[in-house]
Amino acid sequence: MKIIVILGPTGVGKTKLSIELAKKMHAEIINADATQVYIEPVIGTAKITEDQMENIPHHMLNLVSIKENFTVKDYQEQGRIILNRLIKENKNVIIVGGSGLYLKALLYDYKFKEEENKKTYEKLTNEELKSKVDSIYKENNIHVNNRKRLERFLSHYEETGEIIKNKEEKDTPLYDFTLIGLTKDKETLYKRLNVRVDEMLCDGLLEECRSLNNMDAPKLMTLIGYREFLNFINHKIPINIAINEAKRRTRNYAKRQITFMTHQFKNVNWVEVDFENFNNTIKKVEALIGF
């Protein structure tokens, strides 16, 4: 029984690798992408389709509506129930996703503090939350992707006027797993991400945004692509600006993912992806995991 964790920036080939490995290992897959736990957004989140799953069981996908609140703690609790069951059944497991905080919460001794009457900041992006925190306490080391800590900092400060000082997150793994990190030089990756936005538009991203436009779901405006194209649909920005902004935010997100994963995860087996011949990538990973 093996637990393989595939991490890396958006657009680097994690989903494709997970499917190929799962077929060979007879494994089940657990999603660790924060946007894919929601039901409605599909195209802009690069959510795997039924056909792409190739009959491989997938977990932690399409759990709640984008209108509902779903926290990292919710993911941790539900994800561990599934992971523990699969371990008990002696199943091979592949955990795949680009949300480093979800992976951290699922696999490590990552605890959450219960807070009463916590103010939410659903309409703010991670970047806007981080900017607010930096303006209050420049010496903080809260990563822009760690939305939970950013919200906790702001809520505590607004309620008490006190600053939560930096604390090290626990880094003790709770499971025996192998970390596989997919990587590629920034120039190649960024070009692929630009093309992927164009491909999403061809696949119907604008139409999807129009169908979601009247939904009372502030979280949609925090998702890359949806924010930009909903602003276009609502006549706030022209289409060329929306496209350029979606590409820019996608590239910036990939950069933040790389930074977070490099600093937050130890013992990662980094593999440079061969986009021209992906089988080479698969063979490298199989050698690393001894399969």
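The values are calculated or read from the model by the stated rules, or taken from the named source; none is laboratory data. Fair warning: this is a prediction, and the values are worked out from it, not measured in the lab. Cβ coordinates were reconstructed from backbone atoms using ideal geometry, including for glycine residues, and neighbour counts include every protein chain displayed.
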Evaluate the following for THR281: is it farther than 30 Å from THR71 by Cβ, modelled with pLDDT of 95 or more, within 23 Å of the chain's Cα centre (by Cα) and hydroxyl-bearing (Ser, Thr, Tyr)?
yes
LYS67 passes all but one of the listed conditions (1) surrounded by fewer than 17 Cβ atoms within 10 Å (Cβ to Cβ); (2) without any contact (Cβ under 8 Å) to a residue 24 or more places away in the chain; the exception is number (2)
Per the list (1) among the hydrophobic types (A, V, I, L, M, F, W, C); (2) surrounded by fewer than 23 Cβ atoms within 10 Å (Cβ to Cβ); (3) more than 15 Å from the chain's Cα centre (by Cα), residue check on VAL72 breaks on (3)
Take ASN84 and decide whether it is surrounded by 14 or more Cβ atoms within 10 Å (Cβ to Cβ), closer than 24 Å to ILE19 by Cβ and modelled with pLDDT of 95 or more.
no
Residues in region 134-160 that are crowded, with 16+ Cβ neighbours inside 10 Å, more than 22 Å from the chain's Cα centre (by Cα) and part of a helix (DSSP H, G or I) total 4
Region 172-287: helices (runs of 4 or more DSSP H) wholly inside it with 3 or more residues that are among the aliphatic types (A, V, I, L, M) and surrounded by 13 or more Cβ atoms within 10 Å (Cβ to Cβ) are 186-202, 205-212, 239-264
Out of (1) modelled with pLDDT of 95 or more; (2) of a type in the set (Gly, Ala, Ser); (3) within 24 Å of LEU124 (Cα to Cα), the one GLY181 does not meet is (3)
